[in-house]
1. Filter the range 169-221 down to the residues that are outside any helix (DSSP H, G or I) and hydroxyl-bearing (Ser, Thr, Tyr) and list them by number.
2. Return the residue satisfying two criteria in turn: it lies in the range 217-251 and is open to solvent by 60 Å² or more (accessible area, probe 1.4 Å) and closer than 18 Å to His289 by Cα, and of such residues it is nearest to the chain's Cα centre (by Cα).
3. Being out of contact with any Asp or Glu (no Cβ under 9 Å at 6 or more places or on another chain) and open to solvent by less than 60 Å² (accessible area, probe 1.4 Å) is the filter here; which residues of the range 291-306 pass it?
4. State all residues of the range 278-290 that are surrounded by 19 or more Cβ atoms within 10 Å (Cβ to Cβ) and either without any contact (Cβ under 8 Å) to a residue 40 or more places away in the chain or among the basic types (Lys, Arg) (or both); if no residue qualifies, say none.
5. Return the residues of the range 326-339 that are more than 20 Å from Ala157 (Cβ to Cβ) and loosely packed, with under 13 Cβ neighbours inside 10 Å; say none if nothing qualifies.
6. Is there any pair linking a residue in the range 128-139 that is of a type in the set (Lys, Arg) to one that is outside any helix (DSSP H, G or I) and surrounded by 16 or more Cβ atoms within 10 Å (Cβ to Cβ), with Cβ under 7 Å and at least six apart or on different chains, and which?
7. For Leu230, are the conditions met, namely being more than 27 Å from Gln137 (Cβ to Cβ) and in a helix (DSSP H, G or I)?
8. Can you go through Tyr76, Tyr125 and tell me which one is open to solvent by 100 Å² or more (accessible area, probe 1.4 Å) and at pLDDT 90 or above?
Amino acid sequence: MFGRVVGSRRVLDGAPSGPIRSTARASTSGRRCGFRAGALAALAAEERAYADSLAAALASIDAAAAALEARIAESYARVDALEGSVTSYEERTDGRFEKQSALLRAWIAGFFALLAVVLTLRHVYAHATKLNRPEAQRKVLAILWMVPIYALCSWFAIVWPGAAGEFLLVSSIYEAYTVHMFFALLVAILGGGGGEERALEELPAAPRAPFAVFGAARVSRQRFLRDCKLGTLQFVVVKPALSVLDYAFSYTALGGGELVDWRKPELWITILLNVSVSVALTALLKFFHATHASPRLEAHRPWPKFLSIKGVVFMTWFQGVLITLALRFKLGPLADAGLAKAFQNFLVCVEMFVAALAHSAIFGADEWQADYVPVRVAASSLGDQLAINDIVKDFKSVMPRASGGSAGGPTRPTAPRRARRAARPPPTTRSATASTPSGPHHGRRRAV
């Protein structure tokens, strides 16, 4: 009885026992497993859906990025094409501008070169038709040809820059020839038509040696003339030889490079050339110093002639050095080698026009004629050259005087002036004296 009661109470209390409990547990765990499996399946489905959506989003992002990259590439292509067109336009424009600039330089340089050639030919014709002293005028003609040779060679170098070296080589060689021709002109003037024997008479009895290293050695006239002549003749030989050598080195591996590079031949050629030109210039100066007091030489104004020749030579040389330095240090538009050379040749063409004008005034053809009398104007001071005294006199003539007289009115002569008037001879006496021919200079044409 008690067992039943207890069993019934367990039944009533809901606590299964035995096989019933096992069955209940099994069913509960099955339900839990099924719920978990469903939840996992749902979660897996959601994960797959999220992965699909994420893959779709990534695919759309990749497509958008690809489209954007395509647009960027297209934009870059357009920019590159635009830059290419702008660059091509700039190159065409720069090319046209350079061509126009080169053409303008060639025209302007050619104009000045043509004027220089015309003036020189006119001057040469004047000498050729009045060849009264051929021993001297032949040297003058050789000097005058320096201007057209310089001008034409420089202009040809502008028009044909590829052959500029050949043209400038010609002018460089003729430069040395001109220096010796000037020395020969001085000797011909001193000779007066009698040759070197008569020119020796105008030299001092024992002149100083032109190239004496120690002291002031005295030599004979013949030795002095020979040494000076050798000093200029060596330049006639050395300058062309060095110029040809420099031109030949420019086509080899030894050419080019820095000017101060001792491994390059340009430095040694420059040193030898400067030594040679220094010797020639010393010979000219020594000869001029020994003979400048000669009346024969003084009558033909040798100093302006010397300056006109050396001015052309040294002006072109020094401006070439300055342009080379500007090219070396990349200064302004002269940083380009072709433009620097063209600018140098352009300046030479312009300067040759000025040199032609100077030669027309300095190497005149009239001074070699028999009846030529040099005109001399006494203007020893700067005031005389500027005519300051004349304008002071003009001011005094129109300004009131301190004595109270009116401007331009008559004034009483001072005592010294009255004394000078009293000391003068009467007009009849002066006219008679002036008309009477007397003195050793009667009949001669006096220099003013």
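1. Narrowing the range 169-221 to residues outside any helix (DSSP H, G or I): 192-194, 203-220.
Residue satisfying the conditions is Ser220 alone.
2. So, considering only residues that are open to solvent by 60 Å² or more (accessible area, probe 1.4 Å) and closer than 18 Å to His289 by Cα, the one nearest to the chain's Cα centre (by Cα) is Leu230.
3. Pro302, Pro304, Lys305, Phe306
4. Restricting attention to the range 278-290, the residues satisfying the condition of being surrounded by 19 or more Cβ atoms within 10 Å (Cβ to Cβ) are 280, 283-284, 286-287, 290.
Selection gives Lys286 alone.
5. Passing the criteria: Phe329, Lys330, Gly332.
6. Short answer, once both residue conditions are applied: Lys130/Ala365.
7. It is false that Leu230 is more than 27 Å from Gln137 (Cβ to Cβ) and in a helix (DSSP H, G or I).
8. Numbers: Tyr76 fails: at pLDDT 90 or above.
The unique qualifying residue is Tyr125.
The values are calculated or read from the model by the stated rules, or taken from the named source; none is laboratory data. Being a predicted model, the structure only gives us computed values, none of them experimental. Cβ atoms come from the backbone with ideal geometry, glycine included; neighbour counts cover every protein chain shown. What goes into the accessible areas is simple: the full protein's heavy atoms, side chains included, and nothing from ligands, DNA or RNA. Shrake-Rupley method; radii C 1.70, N 1.55, O 1.52, S 1.80 Å.
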